[in-house]
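Novice: Just dropping this structure here.
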Amino acid sequence: MTVSSHAFDDAFVIPALRQQLDMLGGFEASNDEQNGVYFSAPEIDLSIYDRIVLAFSGGKDSIACLLHLKDLGVDISRIEMWHHDVDGREGSQLMDWTFMADYNRKLADAFGIPLYFSWLQGGLEGEMLKQNDYSQPHKVETPEGLITLERDTSRTKPSTRRRFPQQAASLATRWCSSALKIDVGRRALTNQSRFNNGNTLFITGERREESSGRAKYMQFEPHACDRRGGRLARRVDTWRPVLHWNEERVWDALRRHGVIAPVPYRLSWSRSSCMTCIFNSPRIWATINQYFPERTRMIADYEREFDSTISRNRINVVDLASQAQPMEIDDLEALEQAGRSEYSLPVLLEEGQRWVMPAGAFGKEGCGAV
Ligand code: SF4
């Protein structure tokens, strides 16, 4: 279905959505119905979308989004998965789990869904080392191949980072989320004409339970790249289908669909994001230092070089690690996998295999964006 004018949305699409949500009791006082913004929208009319883009980190919540779409009976051929490589593809291995790209590839294959990678050239490390310079281009995989999106240097000035993103809710301070994920996704949407003259649903897997910031997120709203009323007639809505889910429901979805818990949870992490996330607790740093000491060393070397630490208390990650006991990792298969870039464990349960709740489930150790 192609919608060509704002008027159509106003006359049919939004009222239909409103009626559906009314029936479900999904409205809250903070809804801004006129602008299509809903605090609570656990169910929406998916039939109006030509394609569904699922922002896919490889963590349990993004997997739950995918499984929820399956449970809703969505035609798989309308779905595509997007994964942003935080370390880029130019050789940096500072932040991400080494197997994560390949894990996502194998999972997407298992569900028969196309997966497109995108990244900031040079990854977080390249951006962090920027000194009186411009940010690197974005790289975006598309159905037609890899495209390079250059920076418009006529409208920006060179700048310097030379410090890690800082722990804060603000995306300007915690610049990794915006520079490595949000901006990349936005440019991937605005630089592919296939999204013009059509309706796209952009799905992300945040949950209110994760933080006080996320508790306030809208569940359904026009995406920042939405231009439904403009010349391009590009409608893009954001939907967070698991925003209201608790963790138990997430694990239950993985169990029902036979998706084996991803490796970070098997290693006792409660969340799967960057391995060396700036929000890691001392205990997570202690665990990384115990099992993957080269990763803490690389971070600490940069902290020394920049004379600026990730911790607001000016304690480098090796010293932070020494303040806590590492978690004990019993799952040796997962531990062995964590050291390799090729993902070779099964992603789905095999014949006769029993689903196991991972050690990190329902954990409280800080790791991952808030
Ligand atoms: S997971 Fe942590 S380090 Fe990685 S982009 Fe998000 S906030 Fe930044």
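Novice: Under a plain spin-label model, where a point goes 7 Å from the Cα along Cα-to-Cβ, how far apart in nm are residue 33 and residue 148?
Specialist: Distance between label points: 5.1 nm.
Novice: Another question about this same structure. Taking the simple approach of a point 7 Å from Cα along Cα-to-Cβ for both residue 46 and residue 294, what is their distance in nm?
Specialist: About 4.2 nm separates the two model spin labels.
Novice: Now, a different point. For the chain, calculate the relative contact order in percent as a whole number, restricting contacts to Cα pairs under 8 Å that are 6 or more residues apart.
Specialist: Value for the chain: 20 percent.
Novice: For a quick protection proxy, order the peptides 322-333, 221-232 by their average other-Cβ count within 10 Å, most packed first.
Specialist: 221-232, 322-333
Novice: What is the diffusion coefficient of the stretch 216-332 in µm²/s, taking the Kirkwood radius over Cα pairs and the Stokes-Einstein relation at 25 °C with a viscosity of 0.890 mPa s?
Specialist: Roughly 140 µm²/s, to the nearest whole number.
Novice: What distance in nm lies between label points placed 7 Å from Cα along the C-beta direction at residue 191 and residue 75?
Specialist: 3.0 nm
Novice: Please give the FRET efficiency for residue 90 paired with residue 344, using the beta carbon to beta carbon distance and R0 = 25 Å, rounded to the nearest 0.05.
Specialist: 0.55
Novice: How big is the equivalent ellipsoid of the chain along its three axes, where each semi-axis is √(5λ) from the Cα gyration tensor, reported in whole Å from largest to smallest?
Specialist: In descending order the semi-axes read 34, 26, 20 Å.
Novice: Here's another thing I want to ask about it. By how many degrees, between 0 and 90 and to the nearest 10, does the Cα long axis of helix 14-24 differ from the longest principal axis of the chain?
Specialist: 70 degrees
Novice: Averaged per residue, what accessible area in Å² does the chain show with a 1.4 Å probe, protein chains only?
Specialist: Accessible area per residue: 44 Å².
Novice: What does the charge count near residue 239 come to, summing +1 for each Lys or Arg and -1 for each Asp or Glu among other residues with Cβ under 14 Å from its Cβ?
Specialist: -2
Novice: What is the sum of charges, Lys and Arg at +1 and Asp and Glu at -1, for the other residues whose Cβ falls under 10 Å from the Cβ of residue 79?
Specialist: Taking every other residue near residue 79 into account, the sum is +1.
Novice: Let me ask something else. When ranked by the protection proxy of mean other Cβ atoms within 10 Å per residue, highest first, what sequence do the peptides 280-286, 88-94 form?
Specialist: 280-286, 88-94
Novice: I would also like to ask the following. Among bridges DSSP assigns within the stretch 6-248, what percent are antiparallel (round to 5)?
Specialist: 45 percent
Novice: For helix 293-306, what angle does its Cα long axis make with the longest principal axis of the chain, in degrees from 0 to 90 and rounded to 10?
Specialist: 90 degrees
Novice: Given 0.36 nm per residue, what is the gain on full extension from residue 132 to residue 244 after removing their alpha carbon distance, in nm?
Specialist: 36.0 nm
Novice: To continue, here is another question. Considering only protein heavy atoms and a 1.4 Å probe, what is the carbon-and-sulfur percentage of the accessible area of the stretch 260-338?
Specialist: 45 percent
Novice: May I ask for the net charge around residue 214, where only other residues with Cβ less than 11 Å from the Cβ of residue 214 are counted and Lys, Arg are +1 while Asp, Glu are -1?
Specialist: Net charge in that neighbourhood comes out at 0.
Novice: Apply 1/(1 + (r/R0)^6) to the Cβ-Cβ distance of residue 323 and residue 231, taking R0 = 51 Å, and write down the FRET efficiency to the nearest 0.05.
Specialist: The calculated FRET efficiency here is 0.35.
Novice: I'd like the distance separating the alpha-carbon centroids of the stretch 216-280 and the stretch 133-157, in whole Å.
Specialist: 25 Å
The values are calculated or read from the model by the stated rules, or taken from the named source; none is laboratory data. Small disclaimer: the values here were computed from a predicted structure and weren't measured. As a convention, Cβ positions derive from the backbone with ideal geometry for all residues, glycine included, and neighbour counts pool all protein chains shown. Note: accessible area is taken over every heavy atom of the protein model, side chains too, but ligands, DNA and RNA are not part of it. Shrake-Rupley method; radii C 1.70, N 1.55, O 1.52, S 1.80 Å.
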